[in-house]
Structure formats: structure tokens, C-alpha cells
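Here's the structure we're looking at; comments come further down.
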Amino acid sequence: MEFVKGMNIRTDILSYSLMVENFSSIFLSTLLDISDFKESKSLGNKSGNLSFNQKIDLLIDIKALDKKEKSKFQIFMSIRNQFMHNIAADNYENCLKNIDGAEKFLLKTYSQDNKLAKEIQLENATKELSKEVVEITINLLSKVKEKIEKEVKSQLFEKYQKNSIEAISKIETEFNSIYNEKVEKGVKMISLEELKQLVSEMRRLYYQIIDKTFK
């Protein structure tokens, strides 16, 4: 019965792992512009493809996960590895005692009723962690989309600001040229035609800013 019980726990953790791995592959394939990750030499499920751990390590390396999310993924990976590779990890207590700080992290992050048996507390906390890791993985696509949009907006603003400064400088140069020419001739007023010329130049430079910004 103990062996069967251990297998049931392993099956639960494996199910969560498969979901995380699948959504991680979808995220990474989208990020890398891979049309079909199942046929990919890196993200597919054939021998020689990236392992589950390597895919999660890649998410961490590209900073797709923040500090707290990174900690949760690392604990989840360690729990998954124990249940998948350690035959003695036949329940949550036996699994977590092999992972430094995991039990403390789980019960602190996902507080449990102290009246419950330790095994039940750890089981509940691990399931909460597993569900959260799956949700984080699903939300990665939205997260990276927001990040890209922010970066694009920031880059556009910087380009617009730079182009605006250049345009203002050109307008100032044009105005000073007309003004200095008038001063040399002893004329104190700028004619209506010359003002129109300045306005036309300002309009031309404005559209030039827009054109340069979005190129």
C-alpha cells in the first residue's frame, strides 16, 4: 500500500510538471518565433530536446520570472525531481526532508492549520505551490507582451524626444537666419510672408519627426 500511495503522489506531481513544461514550451516557442514547438529540436518531446529542468532554467536565465516566482519554481523543480528520481520519496515528508529549506518555505508561503497532521499540511502547501506555478507559467505570455509594449513605447518616446530636439534646433536656426538678415538690412519687422515661411518649415519638420520616429 505504501508503494501505491507513493505512486499516487508522484502521479499528481507529474501531472503538474507536464502542464508547466507544456506551457513553458509554448511561451519559449512564441518568444523565439518557433511555429510548432512539438517539432522543434529544442522544445519538443523527443530524445535530445531540452529537459524540463533546462526549460525552467532558461525561463530564469531570460528573467521571465521575478525573484519570488523564481524561488517558487526552484522549490517546485526540486520537489518534482525528488518524486521522479528518489524511490524513498514516497510521501511529502520524506520528499521535503531531502530539500534544504523547502518545508519551511512551503509552510511560510502557504500557511496551514497547525491542527492538521504534518503530512497533510505539506501536501496541501505543495498542491498550492504547484497550482500557482502552473498559473505563473500560463501568464508568462501576457507578461512578455506587456514588457515588449512598454519597451516599444519607451523606445518611441526616446526617438520622438531626440527628433523633436533636432527639429527645434533647425527651426531656431531658420528663425535666427531670417532675423539676422533683417537686422543687417536695418528692418525691425518680419513680414507676413516670412512668418508663413516659418510656419511651413515648422509643419514640415513636425511631419519629419513623426516619419523618423516610426521608421
**Report entry** For the stretch 73-78, Karplus couplings with θ = phi - 60° (6.51, -1.76, 1.60), whole Hz, Gly/Pro x
**Finding:** 5, 5, 5, 4, 4, 5
Query - Net charge dipole size for the stretch 2-138 [Lys, Arg +1 and Asp, Glu -1 on Cβ; Debye, nearest 20] - result: 160 debye
Report summary line: A correct Stokes-Einstein calculation for the stretch 2-138, using the alpha-carbon Kirkwood radius, 4 °C and 1.567 mPa s, returns a whole-number D in µm² s⁻¹ of 83 µm²/s
Query raised in the report: Around D57, what is the net charge, scoring Lys/Arg as +1 and Asp/Glu as -1 over all other residues with Cβ under 13 Å from its Cβ?
Result: +1
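All of the numbers you see were taken from the coordinates with simple rules; none came from a lab. Note that the structure is predicted; figures quoted are calculated from it, not measured. FYI the Cβ positions are ideal-geometry reconstructions off the backbone, even for glycines, and counts take in every protein chain you see.
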